[in-house]
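Heads up: the structure comes next, in structure tokens.
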Amino acid sequence: METISSIAKRLNVTNGRIYQIIKEIPADKQPKKDAKGKYNFTKESVEAIERYYNSSSSPKTDIESDLVKQLRVDLEDAKAEIKAKNNQIDKFQQLLDQQQQLNLSTNRQNEKLLDTTTNNNPSPDDNPSQNDDTDVLKSTEGNEVKTSKKGLFGWLRR
């Protein structure tokens, strides 16, 4: 004699699902209850339960398989997008490295130029000439007051 548990194990579902199926199959194929309230399963009622389960589970698997296919496609799209983003990050990192190297190179060249200008003898342009009006402040009384001319790179000579 069949029990709800044995049918559930065979169909790989819970006992609750078997109770649901019993309520959904036609009344003439439902198992009858005995005096204690337990179901008495006939061969016909077990076959009706199995047929109902097999027919109701088929469309779900189709829907589920479509859903799984869509999820796999979405996953592949996400992987491709992540790969593209990683490539962009790598290119930006390479450009940043190049920019830093260029800045370092430029700074070194600037330092060399500053060192060579401070170590060289002053050029005639750096010395104020005797008749340069920019070095002389003329007073109203006729006395001249001389100011020191520092030039463009005068701050480097300190």
State the extension gain, in nm to one decimal, for the chain segment bounded by N103 and R10, taking 0.36 nm per residue of separation less the distance between their alpha-carbons. 26.0 nm
In nm, to one decimal, how far is the modelled label at L96 from the one at N119, with both set 7 Å along Cα→Cβ? 3.6 nm
Mean accessible area per residue over segment 31-113 (1.4 angstrom probe, all protein chains present, square angstrom) is 87 Å²
Give me the net charge for the shell around A27: Cβ to Cβ below 14 angstrom, other residues only, Lys and Arg +1, Asp and Glu -1. +1
Over segment 21-112, what is the relative contact order in whole percent, taking alpha-carbon pairs under 8 Å and six or more residues apart? 16 percent
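The values are calculated or read from the model by the stated rules, or taken from the named source; none is laboratory data. What you see is a predicted model; the values in this text were computed from it and never measured. No Cβ is skipped: glycine too gets one built from the backbone with ideal geometry, and neighbour counts run over all protein chains shown. Note: areas computed on protein heavy atoms with side chains; ligands, DNA, RNA excluded. Shrake-Rupley method; radii C 1.70, N 1.55, O 1.52, S 1.80 Å.
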